[in-house]
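Enquirer: The structure follows.
The values are calculated or read from the model by the stated rules, or taken from the named source; none is laboratory data. Keep in mind that this is a model prediction, so the values were computed, not measured. We place every Cβ from the backbone using ideal geometry, glycine too, and count neighbours over all the protein chains shown.
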Amino acid sequence: MNWIYKFFDFHTTSGINRVAYSEDNMRFNAMMIKKMQELGMDVTYDNILNICGTIGKGEKVIALHSHSDSVPNGGQFDGMAGLVASLMAIEQMNKLPGVTFKVIINACEESSRFDQSCLGSKYLAGKIKSGDFQKINKDGDDLKSAVNYGESMLWKWLKQFECKPITKTNHVIGKGEVDYAVEPHIEQSDFLHRQGKDIGVVKSIAAPYRFRLKFQGDEYHTGSTPMDERRDASVAAAKFTLSMYEQAGLAGSFLSATISNGTQSVSMNKSAPEVLMKHDIRMLNPWTPEKMSNFVREMIATIERDTGVKIEKNVLSTGTPRDVQGEVYKKLIRASKNAGFKTEEGMVSGAGHDAAYIPAKDSGLFFIPNTGGSHNPKEMIEKKSLFNAAVVIKNFATEAVKLT
Ligand SMILES: [Zn+2]
């Protein structure tokens, strides 16, 4: 298992930069492909640069998946830990009769490149079509050009690592092809570590609803204008923020509301005529993008009426929360407990994951303990935890065939 050191340094605390479709991201993908080929897997990739290694000819199709891209100056285990644990499990099982395994590297999971997350798995789910690639853009950078550059970098590094040829296809997996999809992922906080747990199994995945607001009021002299005669953008923004926080705190509501503010700078004796605000809400079932959109619209109307301030809303991205409490969920819990691991059941993931989109008859997600948070260079897991994750995958797969 010394090969895992090619992918990780268990001592470093320096940040990594594998932003989606960058040369570093593709170099890592080529390294993974090399390992997949050493394990005897056939490798394909698709139009959005999802990559898939396949092994076995069994009837039951199990997809193990995660992502290899990172946020700028991110941690080395986010995404990669799940992929490496999956390959460790494949290596240990040395083909399981009755199963076809697919290890999928999902493209562009992080929203840092295009303000939208999980592009690869959404593409597999049919939520993004090839024709949409040019429309997905940020700061003059579009998905089509990013994919073209990424593809050329991928081939450059495949050659460098002397990989065997890989095949291009429209979609690396078809709808209805995968029976069980499992995403192993590091936990993005340190709850499991603090609780002394070995594995956490997730029951629901939150989805983001991100929007920008512009509060347009007037500019006033702060001393001479009576407060009740003002159309004060800051007051309207504060009311909106508080209402969101209150709603987020209600039981059965959404998980969190986070606001990043930008107020136009003015002198101290003038009120700000305009406030710009970005909201990142994480919804859980039963919230949907439609329900959230109506809720925000009503709140805007009330505050406009109360303050006289004009509020403009612009939705940046949204997704659908997903409950993952089916067969895979139950099997993952059993797989972990049978290995004697201290298992946390029923976890909720505030962060979005490809498991919410990847097309499969049933999907699941489990967490590997992590210290130091995530999306930062301090992210750290123990080597033992990677081995544990591989054991869970192995037990899961073995049981999955026995039951058919
Ligand atoms: Zn991740």
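Enquirer: Output the residue which, of all residues in region 192-205 that are more than 16 Å from the ligand (Cβ to nearest atom) and over 17 Å from the mean Cα position of the chain (by Cα), is nearest to Leu119 (Cα to Cα).
Expert: Ranking the qualifying residues of region 192-205, first place goes to Ile199.
Enquirer: Does Gly223 satisfy being surrounded by fewer than 23 Cβ atoms within 10 Å (Cβ to Cβ), touching a residue at least 40 places away in the same chain (Cβ under 8 Å), more than 19 Å from Ser374 (Cβ to Cβ) and among the small types (Gly, Ala, Ser)?
Expert: It is true that Gly223 is surrounded by fewer than 23 Cβ atoms within 10 Å (Cβ to Cβ), touching a residue at least 40 places away in the same chain (Cβ under 8 Å), more than 19 Å from Ser374 (Cβ to Cβ) and among the small types (Gly, Ala, Ser).
Enquirer: Next question. With (1) in contact with a Phe, Trp or Tyr (Cβ under 6 Å, 6 or more places away or on another chain); (2) outside the structural domain of Met31 (by TED's automatic domain parsing) as the list, and Ile186 as the residue in question, which single condition is left unmet?
Expert: So the condition that Ile186 fails would be (2).
Enquirer: A further question on this structure: With the condition kept exactly as written, say whether any residue in region 206-213 is assigned to a loop (DSSP other than H, G, I, E, B), within 16 Å of the ligand (Cβ to nearest atom) and either of a type outside the set (Phe, Trp, Tyr) or over 14 Å from the mean Cα position of the chain (by Cα) (or both).
Expert: For region 206-213, residues assigned to a loop (DSSP other than H, G, I, E, B), within 16 Å of the ligand (Cβ to nearest atom) and either of a type outside the set (Phe, Trp, Tyr) or over 14 Å from the mean Cα position of the chain (by Cα) (or both): present.
Enquirer: Might you check whether a residue that is under 22 Å from the mean Cα position of the chain (by Cα), loosely packed, with under 15 Cβ neighbours inside 10 Å and not in a helix (DSSP H, G or I) occurs anywhere in region 171-187?
Expert: Looking through region 171-187, at least one residue is under 22 Å from the mean Cα position of the chain (by Cα), loosely packed, with under 15 Cβ neighbours inside 10 Å and not in a helix (DSSP H, G or I).
Enquirer: Looking at region 372-383, can you tell me whether even one residue there is at pLDDT below 95, closer than 26 Å to Leu87 by Cα and away from the ligand (no atom under 16 Å from the Cβ)?
Expert: The answer is yes; a qualifying residue exists.
Enquirer: Have a look at Lys122, Lys164, Lys156 and point out the one that is within 16 Å of the ligand (Cβ to nearest atom), surrounded by fewer than 24 Cβ atoms within 10 Å (Cβ to Cβ), in contact (Cβ under 8 Å) with a residue 12 or more places away in the chain and not polar (S, T, N, Q). Let's see the steps before the verdict.
Expert: Working: Lys164 fails: within 16 Å of the ligand (Cβ to nearest atom); Lys156 fails: within 16 Å of the ligand (Cβ to nearest atom).
Unique residue meeting the criteria: Lys122.
Enquirer: Scanning region 325-371 for residues that are more than 28 Å from Lys175 (Cα to Cα) and charged (D, E, K, R), which turns out farthest from the ligand (Cβ to nearest atom)?
Expert: Only one residue fits best here, namely Lys337.
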